[in-house]
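So the structure is just underneath, and the comments pick up after that.
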């Protein structure tokens, strides 16, 4: 019972992992490499939370095999840290590059795990990280134990550097989620280094896993999976609400010009990056009361409340933001748009069709101007 109280945080965190694992297995109709990585992270964390109390339970106990249990649990507890770190970095790498083969080539980022394993083999002869007295079965820290935690913390810091280095290859939404994903284990590690009786190191990692699952693996029914904008269903619900509330509102439909050519020339992965980049620009360009959504493909919509919003000014701001981008494809990206203000007794479908007609007139005019420019 004393150990149950002492490691109650581990018990609760372990229970969360079990529940989360069941949810993932039951809700995941489609298997993904991302979810497989997350499950590996969950299993590794669960092993760590079993090993940590075991090292305390077997410490000082004298019965046949007690020494082997005490030594082996400490051995694997030191090893599980870099294994977990490598899997976490693999998870981030996949969300940025979407390439499982890249993860395979990187060996799931287990280089530090291999080095730690070799050090632990040496530790069996010379106590570098820890020692267990064969006579009393008592654990004692090695001379260089703190180096292990410094190296481990440095690895997590490298992960943050890796994330910032490649932040332009993904959305700011994913970058912010992963900052929490990394920060929580680091905070827990620091707390436990200050007071070894506060077992926050592994439990804080579970919070990071929970954050990753909620925001990256469980897609909201209101959210577009790729761009993290609202989806078509959300726009229908929102517009219906505004109509029922008899509020003044308008819509602005947008469609990217020559998006098919971008996919054909640069590939669909680059096309997805362009869609994400354009979505982020829409967020920066429109910060008034309303809703931004991706309707599908390369078609977007802004729903704005009030009649004072000027769509032409919004379009001008979007173009200005596009010119500020570092990606040459985004800086040269153009779009067509059409808008319509809601009039009482007008159906939402008629409102959408009117805006859609204006958008395609704008697209046709843009093509005509571009063709005339080529002729000159």
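The values are calculated or read from the model by the stated rules, or taken from the named source; none is laboratory data. Because the structure is predicted, anything quoted here is derived from the model rather than measured. FYI the Cβ positions are ideal-geometry reconstructions off the backbone, even for glycines, and counts take in every protein chain you see.
Among the residues that make up the range 259-271, is at least one of them under 22 Å from residue 345 (Cβ atoms) and either in a helix (DSSP H, G or I) or under 28 Å from the mean Cα position of the chain (by Cα) (or both)?
Scanning the range 259-271, I find no residue that is under 22 Å from residue 345 (Cβ atoms) and either in a helix (DSSP H, G or I) or under 28 Å from the mean Cα position of the chain (by Cα) (or both), so the answer is no.
Just to be sure, is residue 291 touching a helix residue (DSSP H, G or I) at 6+ places or on another chain (Cβ under 8 Å) and outside any strand (DSSP E or B)?
no
Could we say that residue 67 is part of a helix (DSSP H, G or I), under 30 Å from residue 131 (Cα atoms) and modelled with pLDDT of 75 or more here?
Yes.
Specify which of the listed residues (70, 146) is loosely packed, with under 13 Cβ neighbours inside 10 Å and touching a helix residue (DSSP H, G or I) at 6+ places or on another chain (Cβ under 9 Å).
146
Each row is one residue, and each column tells you yes or no for (1) touching a helix residue (DSSP H, G or I) at 6+ places or on another chain (Cβ under 9 Å); (2) buried (at least 20 other Cβ atoms within 10 Å of the Cβ); (3) closer than 19 Å to residue 153 by Cβ; (4) touching a residue at least 60 places away in the same chain (Cβ under 8 Å).
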position	(1), (2), (3), (4)
62	no, no, no, yes
65	no, no, no, no
82	yes, yes, yes, yes
94	yes, no, no, yes
99	yes, no, no, no
109	yes, yes, yes, no
118	no, no, no, no
129	yes, yes, yes, no
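Conditions tested, residue by residue: (1) crowded, with 18+ Cβ neighbours inside 10 Å; (2) modelled with pLDDT of 95 or more; (3) touching a strand residue (DSSP E or B) at 6+ places or on another chain (Cβ under 9 Å); (4) under 28 Å from residue 53 (Cα atoms).
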position: 122; (1), (2), (3), (4): no, yes, no, yes
position: 125; (1), (2), (3), (4): no, no, no, yes
position: 134; (1), (2), (3), (4): no, no, no, yes
position: 150; (1), (2), (3), (4): no, no, no, yes
position: 154; (1), (2), (3), (4): no, no, no, yes
position: 160; (1), (2), (3), (4): no, no, no, no
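Can you spot a residue in the range 22-42 that is more than 18 Å from the chain's Cα centre (by Cα) and in a loop (DSSP other than H, G, I, E, B)?
yes
When only residues in the range 315-341 that are closer than 22 Å to residue 249 by Cα and surrounded by 20 or more Cβ atoms within 10 Å (Cβ to Cβ) count, which is nearest to the chain's Cα centre (by Cα)?
Top of the filtered list is 318.
Out of the residues in the range 249-270 that are in contact with a helix residue (DSSP H, G or I) (Cβ under 6 Å, 6 or more places away or on another chain) and surrounded by 21 or more Cβ atoms within 10 Å (Cβ to Cβ), state the one that is nearest to residue 312 (Cα to Cα).
Per the criteria, the residue is 252.
Taking into account only those residues within the range 316-357 that are without any contact (Cβ under 8 Å) to a residue 24 or more places away in the chain and touching a strand residue (DSSP E or B) at 6+ places or on another chain (Cβ under 8 Å), which is nearest to residue 263 (Cα to Cα)?
357
Going residue by residue through the range 85-105, is there one that turns out to be touching a strand residue (DSSP E or B) at 6+ places or on another chain (Cβ under 8 Å) and at pLDDT 95 or above?
Taking every residue of the range 85-105 in turn, none turns out to be touching a strand residue (DSSP E or B) at 6+ places or on another chain (Cβ under 8 Å) and at pLDDT 95 or above.
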